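Data block below; observations after.
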Amino acid sequence: MFEDGICEVEPGLYSKSIKFADINYQIAQREEQVEIFSRYCEFLNYFEPSINLQITIQNRHIDNDDFRSQMLLPVGLGKDNLDHCRREYNAMLSEKALQGQNSIVREKFLTIGIHANTYEAAVPTLARIETDIISNFKQLGCDIKLLSGMERLEFLHSMFNPGDPFLFSYDYLLASSLTTKDYIAPDSFDFTKKNYYEFGDNYGQSLFLKDLPPDLTDKLITELSDIPCNMTITLHINSVEQDQAFSLVRKKISFMEQQKIDEQKKAIKAGYDVEMIPYELKYSLVEAEELLDDLQNKNQRMFKVTVLVHTSARTLDVLNENVYQLMAVARKNNCKLGYLDFLQEDAMNAALPLGKNNVDIKRTLTTASTGVLIPFTTQELFQENGLYYGLNALSRNLIMFDRKTLKNPNGFILGTPGSGKSFSAKREIVNVLLGTQDEVLIIDPEREYAPLAKGFGGEVIHISAGSNAHINPMDITMDYADNDSPLQLKSEFILSLCELLAGGMGGLTAAQKTVADRACKMTYQPYFADPEKNPVPTLLDFYR
């Protein structure tokens, strides 16, 4: 594994991995889903037969203590006497967290493998493919990240050594005869069992997608990845040359038509209707003709696809439970997962995001059929120490986000009457007061937020014609303007105020502006001379 992220899988085969973020596909409107699906199919059509395309979806457990430290508000640190509110808030968050799969981290990778004579020859080819992939993903609205060698090794290490820290530096290689593979491998492998294997202190098992129904929905990959267990779903996709695909389909059609003729001859000899040929043959012939039409007239390509599901666990019982859940989801979607008896080692290697398929069990699918195995589900928003904004509509996971990390952190709350605008604003205020050191200022003509302010120990100031509190337009501080003259800025403000109050239709004359400007400077002169002895002036001082 080179430092730039290129891996020499075997002599002559080089690969690169890209991590891509999820997009909101499953919860999008029907028209948006069709648009995303069409773009994804165009993306699949881009890949030439010489490129090995591998899509990897990995679910892995994270430590519950780490997750709680990221999610819960710290208690006992502040001096605002609000810790009782933080405890109640944390209890609510803990209850909400149980509704989703918040302890599962889902990561998605795309790996491309190419054949080249040397590492130097592979670099420009992989760079060109990367650029095209980035362009295609941008059209899908998907964020991507190119993985370095260290990041790829860390991912592989997490598959083989769950829970163990990743301690590696490329400097280690200079002082030893070891390879990068030595640093990620577990203590041992045991492949003596029929359909599962042991690695280190863990058990692993790989399954493959055996049977597909005639009409498969786009929810299969989503529902498989929703199972809360350590799991890796791998799709190996290789396109077939168009001429070769036509030749293959025509050859199959010719073979089946010859079979049909043979069956009709038998029917004539036996004295029954020539149309009474085996249903399986008739059905297969219709399917083959539809496939030929798709390839010729509907911009479809032929792909060889292998779908593998790898799961691991600490005990054999948990592993069997994981496999049972995977089988149940497949049955629900009219599919069947098969055991890879005595092929577990090959399947384990094929599940690694290295761009090489070691399992020679492939399904022939068109572009649309391959596109149905779409890897997009719903976008998760979980930032460490973010504020709580509710639950994801599809996955039921917490939405934790710090909007101050955005380029534009401002926001509006829009909605119909009764939809919860005020509640959303109050929840945002509570989030800020309990989870940050920021101040909250509320301008509230309807006095709706006064009880909230009092409950959190805030100050309520009433501004009205008969109230004791007043706003002083002349109020100023020494840091009123960052690098500008505070007096000059205040003078401009007072001039605009006078123009509104007394200027009339034509505004102030030049002479009146001069008088007002000079009066403003004279008004502030005592305050700037000695701010401690002289109070901030008011409009009455300015008038005098």
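The values are calculated or read from the model by the stated rules, or taken from the named source; none is laboratory data. Owing to the predicted nature of the structure, the values given are computational and were not obtained by experimental measurement. Using ideal geometry, Cβ is built from the backbone for each residue, glycine included, and neighbour counts are taken over all protein chains shown. Remember, those area values only see protein heavy atoms, side chains included, never the ligands or the DNA or RNA. Shrake-Rupley method; radii C 1.70, N 1.55, O 1.52, S 1.80 Å.
Across segment 278-333, the number of residues qualifying as at pLDDT 90 or above, of a type in the set (A, V, I, L, M) and under 19 Å from T217 (Cα atoms) comes to 9. Would you please name the residue that is nearest to H61 (Cα to Cα), looking only at residues in segment 150-173 that are hydrophobic (A, V, I, L, M, F, W, C) and in a helix (DSSP H, G or I)? So, considering only residues that are hydrophobic (A, V, I, L, M, F, W, C) and in a helix (DSSP H, G or I), the one nearest to H61 (Cα to Cα) is M159.
Against the conditions (1) free of Cβ contacts under 8 Å to residues at least 60 places away in the same chain; (2) in contact with a helix residue (DSSP H, G or I) (Cβ under 9 Å, 6 or more places away or on another chain), E32 satisfies every one except (2).
Restricting the first member to segment 524-541 and to residues that are in contact (Cβ under 8 Å) with a residue 24 or more places away in the chain, and the second to residues that are assigned to a loop (DSSP other than H, G, I, E, B) and open to solvent by 60 Å² or more (accessible area, probe 1.4 Å), the beta-carbon pairs closer than 6 Å and six or more apart or on different chains are V536/D475. Hey, any hits in segment 453-464 for a residue that's in contact (Cβ under 8 Å) with a residue 24 or more places away in the chain, under 30 Å from G76 (Cα atoms) and either surrounded by 13 or more Cβ atoms within 10 Å (Cβ to Cβ) or touching a helix residue (DSSP H, G or I) at 6+ places or on another chain (Cβ under 6 Å) (or both)? Yes; the residues of segment 453-464 include at least one that is in contact (Cβ under 8 Å) with a residue 24 or more places away in the chain, under 30 Å from G76 (Cα atoms) and either surrounded by 13 or more Cβ atoms within 10 Å (Cβ to Cβ) or touching a helix residue (DSSP H, G or I) at 6+ places or on another chain (Cβ under 6 Å) (or both). Pairs meeting the criteria (first residue in segment 308-324 and under 17 Å from K336 (Cβ atoms), second residue in a helix (DSSP H, G or I) and not aliphatic (A, V, I, L, M), beta carbons under 6 Å, at least 6 apart or on different chains) are T311/N322. Specify the residue that is farthest from A330 (Cα to Cα); the eligible residues are those in segment 265-308 that are in contact with a helix residue (DSSP H, G or I) (Cβ under 6 Å, 6 or more places away or on another chain) and among the β-branched types (V, I, T). Once the filter is applied, the top-ranked residue is V274. Residues in segment 230-278 that are hydrophobic (A, V, I, L, M, F, W, C) and open to solvent by 80 Å² or more (accessible area, probe 1.4 Å): F255, I268, M276. Return yes when D187 is outside any helix (DSSP H, G or I), out of contact with any Asp or Glu (no Cβ under 6 Å at 6 or more places or on another chain) and open to solvent by 60 Å² or more (accessible area, probe 1.4 Å) and no when it is not. Criteria met by D187. In this structure, does N90 turn out to be part of a helix (DSSP H, G or I), farther than 29 Å from F303 by Cα and of a type in the set (S, T, N, Q)? Here the answer is yes, as N90 does meet what is asked.
Evaluated against (1) in contact with a strand residue (DSSP E or B) (Cβ under 9 Å, 6 or more places away or on another chain); (2) closer than 30 Å to M71 by Cβ; (3) open to solvent by 70 Å² or more (accessible area, probe 1.4 Å), H470 falls short on exactly one condition, (2). Would you confirm, using the coordinates I've provided, whether D341 is open to solvent by less than 70 Å² (accessible area, probe 1.4 Å), assigned to a helix (DSSP H, G or I) and at pLDDT 90 or above? Criteria not met by D341. Looking across K219, K193, one residue alone is touching a residue at least 24 places away in the same chain (Cβ under 8 Å) and surrounded by fewer than 16 Cβ atoms within 10 Å (Cβ to Cβ). It is K193. Are any of the residues in segment 306-317 more than 28 Å from I55 (Cα to Cα) and of a type outside the set (A, V, I, L, M, F, W, C)? Looking for residues that are more than 28 Å from I55 (Cα to Cα) and of a type outside the set (A, V, I, L, M, F, W, C), one finds at least one in segment 306-317, hence yes.
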